[in-house]
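Comments concern the structure below.
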Amino acid sequence: MKVSVIGGGTMGNGIAQVFAQNGNDVNLIDIKQEYLDRAMATIEKNLGRMVKKERMTAEEAKATLGRMNAVVGLENAADSDLVIEAVFENFEVKKEIFTKLDEVCGPDTILASNTSSISLTKIAGTTKRADKVIGMHFMNPVPIMKLVEVICGQATSDETLEKVTQWSKDLHKVPVTVQDYPGFISNRVLMPMINEAIYCLMEGVADKDAIDTVMKLGMAHPMGPLQLADFIGLDICLDIMEVLYDGFGDSKYRPCPLLRRMVDAGYLGRKSGKGFYDY
Ligand SMILES: NC(=O)c1ccc[n+]([C@@H]2O[C@H](COP(=O)([O-])OP(=O)(O)OC[C@H]3O[C@@H](n4cnc5c(N)ncnc54)[C@H](O)[C@@H]3O)[C@@H](O)[C@H]2O)c1
């Protein structure tokens, strides 16, 4: 089938890679050729690593790249069976893209978003095909993580859900259907845990190493919550807590003041060189 991925950043290049790896023709679309060149270089490097580890042959890697087309311009998505948007987590940016995709794409094209926190119902409302709009929430790094959280907006049809579920399975992923409520399942369960770990640190219940050790050795989590927060980015964690807090209006989702203070200080985790840990 023919797939277009909008946005060649962290998530978009991984999503494009797994679709191409599994035999689909893929357009990778971004706003500048240099972003696309960077995305294609990342994909080539990832495929090269897989060949080295004997997870795929050099011929398969070459064929995967041969199925990919990196282009500027949303109109290139026109004849796709599925379009997956993976641009910045900003409703206005996504609105512009979905409005344009709705205009240029054929009537049967399914439009998916990889959003981690924006309402799918709201995104679908920017189009005239809300029944064909759905969430496909891949996890980072996409080629490795098995889960696809499939999110149904208020008007998503059963037919759209069935197709997207099957396509996710065709990628050797495990799709899980979730309804459109703030944070879906992944972030609604994960972020309050991280937020609570930050409260524990702020209140002096234990130091950061102790908190992470309890969750790693006691709960068999591969990473402690503070280490994970640094990995995700503290600004992203704060944004998602705000989405939960606003969306439910329930004080149990209030962002920890220490999280806010870290973000205000520019301590965003791994990407800024400093978060709960130094990098
Ligand atoms: N990074 C993660 O761990 C993660 C995990 C799950 C979901 N998500 C979600 O995936 C989406 C993308 O996140 P990311 O981390 O890959 O972002 P990113 O910043 O790495 O990449 C975004 C890309 O979108 C491109 N872009 C912006 N506007 C565009 C437009 N109008 N047309 C085409 N391309 C455009 C940018 O040039 C950039 O290459 C977000 O909605 C995010 O919430 C991210």
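Between Ala265 and Asp209, what FRET efficiency follows from the Cβ-Cβ distance if R0 is 22 Å, with the result rounded to 0.05?
The value I calculate is 0.60.
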Can you give the angle from 0 to 90° between the axis of helix 91-104 and the longest principal axis of the chain, with both taken from C-alpha atoms, to the nearest 10? 10 degrees
Semi-axes in Å, largest first, for the stretch 2-179 (Cα gyration tensor, √(5λ)) are 25, 18, 14
Say a paramagnetic label sat at a point 7 Å from the Cα of Phe88, along Cα to Cβ; which residues of the stretch 37-73 have their backbone N under 12 Å from it? none
Around Lys271: net Lys/Arg minus Asp/Glu count, Cβ-Cβ under 15 Å: -3
Of the cross-linked pairs Lys208/Lys252; Lys2/Lys95; Lys95/Lys274; Lys32/Lys62, which ones have a Cα-Cα span greater than 26 Å in the structure shown? Lys95/Lys274
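So, R0 is 51 Å and r is the distance between the beta-carbons of Arg254 and Lys52; what FRET efficiency does that work out to, to 0.05?
Approximately 0.60, to the nearest 0.05.
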For the chain, what is the charge dipole size about the Cα centre, in debye to the nearest 20, if Lys and Arg each add +1 at the Cβ and Asp and Glu each add -1 at the Cβ? 580 debye
So, with +1 on the Cβ of K and R and -1 on the Cβ of D and E, and no other charges, what is the size of the charge dipole of the stretch 91-195 about its Cα centre, to the nearest 20 debye? 240 debye
Cut-off 13 Å between beta-carbons: net charge of the residues surrounding Cys200, Lys and Arg +1, Asp and Glu -1: -4
Just to confirm my numbers, what's the Cα centroid distance between the stretch 111-181 and the stretch 216-238 in Å? 25 Å
Result for the chain: accessible area per residue, probe 1.4 angstrom, in square angstrom, of 50 Å²
Label-point gap, in nm, between Ala220 and Gln154 - each point 7 angstrom along Cα→Cβ: 4.1 nm
Counting Lys and Arg as +1 and Asp and Glu as -1, what is the net charge of the other residues whose Cβ lies under 12 Å from the Cβ of Phe19? 0
Kindly sort Ser272, Ser113, Ser186 by accessible area of their heavy atoms, largest first, with the probe set to 1.4 Å. Ser272, Ser186, Ser113
Gain in length, Glu34 to Ala78, computed as 0.36 nm per residue apart minus the alpha-carbon separation, to one decimal in nm? 13.6 nm
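Quick check of the Kirkwood formula: for the stretch 163-233, what is the inverse mean of 1/r over all pairs of different Cα atoms, in Å?
14.1 Å is the Kirkwood radius here.
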Of Met223, Gly269, Pro257, which is farthest towards the positive pole of the stretch 188-272's charge dipole, taken about the Cα centre with +1 and -1 on the beta-carbons of Lys, Arg and Asp, Glu respectively? Met223
Keeping all protein chains in position, work out how much accessible area Arg38 exposes to a 1.4 Å probe, and write it in Å² to the nearest 10. 150 Å²
Roughly how much of Asp235 is accessible, in Å² to the nearest 10, using a 1.4 Å probe? 40 Å²
Could you rank the peptides 4-14, 221-231 by their average count of other C-beta atoms within 10 Å per residue, with the highest value first? 4-14, 221-231
Where labels lie 7 Å past Cα in the beta-carbon direction, separation of Asp170 and Asp278 in nm: 5.1 nm
Can you give me the long-range amide H partners of Leu268? Hydrogens built in the peptide plane at 1.01 Å from N, cutoff under 5 Å, separation of 5 or more residues or another chain. Lys274
Accessible surface of the chain [probe 1.4 Å, protein heavy atoms]: carbon and sulfur percent: 53 percent
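The values are calculated or read from the model by the stated rules, or taken from the named source; none is laboratory data. Since the structure is predicted, the reported quantities are computational estimates derived from the model, not experimental observations. Note that we place each Cβ from the backbone using ideal geometry, even for glycine, and neighbour counts take in every protein chain shown. Ligands, DNA and RNA are excluded from the accessible area calculation, which covers all protein heavy atoms including side chains. Shrake-Rupley method; radii C 1.70, N 1.55, O 1.52, S 1.80 Å.
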